[in-house]
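Right, one structure below, let's go through it.
The values are calculated or read from the model by the stated rules, or taken from the named source; none is laboratory data. Owing to the predicted nature of the structure, the values given are computational and were not obtained by experimental measurement. Side chains included, ligands, DNA and RNA excluded: accessible areas come from the protein's heavy atoms. Shrake-Rupley method; radii C 1.70, N 1.55, O 1.52, S 1.80 Å.
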Amino acid sequence: METDYVFPGRRVAAVSMVLGPVLLLTGTLLRARFTFFFPDQLRAMSDHPGLMTAAYTCFLAGNVLLFPAIIALATKIGRTKPALAAWGGLFVLIGLFERTFHAGIDQAAMGLATRRGAGFAESVVSESYQDLHLFSFLSFTIMFGWYVLAFAAYRAKALGVVQSIGLATMGLLPLGVLKGTEIVSIIGTAGLCVALVPAGIGAFLESPKPGRRTVVIAAITVPVLGALAFASSLG
């Protein structure tokens, strides 16, 4: 039987709109006390591994959790502005992929800093910082995508003026490996909260209550996923 279902589903998108921006802002604030550039970030990782692990993990989790929200927003925009929705949505999603790629390098550098010292990690990062890779040619999407999506959301009336401006401020967020927090980082992630959190809360409250079968399936699935997550960490 056909339904009007649109991936990833209203509840998933709603949770993504709330948790994604909040986690990004949390990660940004946790590392705000340390200087922005990578040598200082590496020294902070060596001296404060717990705090920096929490900061970078929150930021990465927020970045990954954003993808359902972006798909849902682009889908809403596409009902009236399909071309803008396609360009804005694709650019932002590619930018999220690139930030995830950068996070992998951050994780490797953090391991070097904690095991071999900040000086050793700094020498490795500085020697390889300009190495070319696929995402070297797509870095423009990290910033530019948010401007296109924000313009599209405003034109399609998917978001209001204030929310669209908040969405656009994510384009201010610095890009690259081992980037700390600047004032524009806080503006960008806080702006994203303004843009998406109220929309996510509204979408969640408007969603129909889950049926008994859905609740039972979720109660069984969540522990299974937790077990799989634990097993994955062992490999």
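Enter the angle in degrees (range 0 to 90, nearest 10) between the Cα long axis of helix 212-233 and the first principal axis of the Cα atoms of the chain, meaning the one along which they spread out most. Helix 212-233 sits at roughly 20 degrees to that axis. Hey, any idea what % of the chain's accessible area is carbon plus sulfur with a 1.4 Å probe? Roughly 70 percent of what the probe reaches on the chain is carbon or sulfur. Measuring spread by the Cα atoms of the chain yields a radius of gyration and Dmax of 19.1, 61 Å.
Using a 1.4 Å probe, what is the accessible area per residue for the stretch 98-235, in Å²? Each step should come with its number before you reach the end.
Numbers: 7960 Å² over 138 residues.
Accessible area per residue, the stretch 98-235: 58 Å².
Size of the stretch 1-125: Rg and Dmax of its alpha carbons, in Å, are 18.0, 61.
Straight-distance candidates among the lysines for linking to Lys209, with alpha-carbon spacing under 25 Å and chain neighbours fewer than 8 residues away dropped: Lys76.
Once the Cα gyration tensor of the stretch 100-198 is diagonalised, what are the square roots of 5 times its eigenvalues, in whole Å and ordered largest first, as equivalent ellipsoid semi-axes?
Numbers: eigenvalues 220, 45, 17 Å².
The equivalent ellipsoid of the stretch 100-198 has semi-axes of 33, 15, 9 Å.
Could you order Thr141, Thr75, Thr57 so the one with the most accessible surface comes first? Probe is 1.4 Å. Walk me through the numbers on the way to the answer.
On the way: Thr141 0, Thr75 50, Thr57 75 Å².
Largest to smallest exposure gives the sequence Thr57, Thr75, Thr141.
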